Amino acid sequence: MDFSTSLTPHWFKTTSNSEDSVAQQDLKLHCQLPRHIAVIMDGNGRWAKENGKSRIEGHIAGVESVRDIVEACAQLQIAYLTLFTFSTENWKRPEKEISALMQLLIKVLRKEAIKLHENNIRLHVIGNIERLPEKVQQTLNETIALTAKNTGLTLSIALSYSGKWDILQACRKIAEEAAAGALDPKKINEQLIESYLSTRAIPDPELLIRTSGELRISNFLLWQSAYSEIFFTRTYWPEFRRKQLYEAIRDFSARERRFGLTSEQLKDNKAR
């Protein structure tokens, strides 16, 4: 399916223009595109405060950025996009804000489910989903089932998620199997642990983007981001659009990813 064409009648208002098409073509020709991009979408509240709006209005504005980034990644044929939507720590926020966020999530999912499906995007969810309200779980499951067979971009939503929780739940399952005699502790290695993480169905992110100027990864994909290239930007999430995404991809492409090797070793490996 020609994604750029199919988006025109079905998807976002921010459809690709000629200038953007040129920018995308330049990226495809001259940059090493990451297979998996993960994003810590931060700054909705501060954006709202600086613009005289409520926090929930900031979250609503952030939805427009989600739409634009999902569209751009699909057009660039990025295979995986993971968005840090609601962390385990976010449960500590005021109950009123949490309730509003859950209602917004239901509304967005119901509105966008068919559009995701029509554009060959598969929805995937990671996190402690059982903590979410029943209506949210139901809406998520319906959207996941609808898009399960799609073969384009895999859009992963991290909900009620934290990196520590992910590692902890993996360790518990491994320990339970070892205690039951179903698993030899001597066979526990990195690959085994990864097979118990909530991200076992998707590759580790090559590029991790954090918006709003904060210089930390805030308990997100701790195991999986061990060798991710991290791109920090001062731009608040509601103002982060495809132009900023392209900047992050160009920065990523210019980096030398050594994975513990020296530059000389990398050159020798490429020469072989």
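Rundown of residues vs (1) touching a residue at least 24 places away in the same chain (Cβ under 8 Å); (2) buried (at least 18 other Cβ atoms within 10 Å of the Cβ); (3) on the phi < 0 side of the Ramachandran plot; (4) not small (G, A, S), yes/no style:
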{"residue": "L105", "(1), (2), (3), (4)": "yes, yes, yes, yes"}
{"residue": "E118", "(1), (2), (3), (4)": "yes, no, yes, yes"}
{"residue": "N128", "(1), (2), (3), (4)": "yes, no, yes, yes"}
{"residue": "N141", "(1), (2), (3), (4)": "no, no, yes, yes"}
{"residue": "I144", "(1), (2), (3), (4)": "no, no, yes, yes"}
{"residue": "L153", "(1), (2), (3), (4)": "yes, yes, yes, yes"}
{"residue": "D166", "(1), (2), (3), (4)": "yes, yes, yes, yes"}
{"residue": "E206", "(1), (2), (3), (4)": "yes, yes, yes, yes"}
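Conditions (1) of a type in the set (A, V, I, L, M); (2) modelled with pLDDT under 95; (3) not in a helix (DSSP H, G or I), marked per residue:
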site	(1), (2), (3)
A158	yes, no, yes
L168	yes, no, no
C171	no, no, no
A182	yes, no, yes
P205	no, no, yes
I209	yes, no, yes
I217	yes, no, yes
Y227	no, no, yes
T235	no, no, yes
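G152 passes every criterion in (1) within 30 Å of R255 (Cα to Cα); (2) assigned to a loop (DSSP other than H, G, I, E, B); (3) outside the structural domain of T85 (by TED's automatic domain parsing) apart from (3).
Residues that are in a loop (DSSP other than H, G, I, E, B) and either over 26 Å from G62 (Cα atoms) or assigned by TED's automatic domain parsing to the domain that holds R172 (or both) do occur in segment 241-254.
Scan segment 184-203 for residues that are over 21 Å from S160 (Cβ atoms), in a loop (DSSP other than H, G, I, E, B) and not β-branched (V, I, T) and the total you get is 4.
Yes/no matrix, rows are residues, columns are (1) surrounded by fewer than 19 Cβ atoms within 10 Å (Cβ to Cβ); (2) assigned to a loop (DSSP other than H, G, I, E, B); (3) not aromatic (F, W, Y):
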position: Q32; (1), (2), (3): yes, yes, yes
position: G45; (1), (2), (3): no, no, yes
position: R110; (1), (2), (3): yes, no, yes
position: I114; (1), (2), (3): yes, no, yes
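May I ask you to verify whether L132 is surrounded by 15 or more Cβ atoms within 10 Å (Cβ to Cβ) and either within 21 Å of E71 (Cβ to Cβ) or within 16 Å of the chain's Cα centre (by Cα) (or both)? Can you show your working first?
Working: surrounded by 15 or more Cβ atoms within 10 Å (Cβ to Cβ): yes; either within 21 Å of E71 (Cβ to Cβ) or within 16 Å of the chain's Cα centre (by Cα) (or both): no.
Here the answer is no, as L132 does not meet what is asked.
The values are calculated or read from the model by the stated rules, or taken from the named source; none is laboratory data. What you see is a predicted model, and the numbers here were worked out from it, not measured in a lab. Every residue, glycine among them, receives a Cβ derived from its backbone with ideal geometry; neighbour counts consider all protein chains shown.
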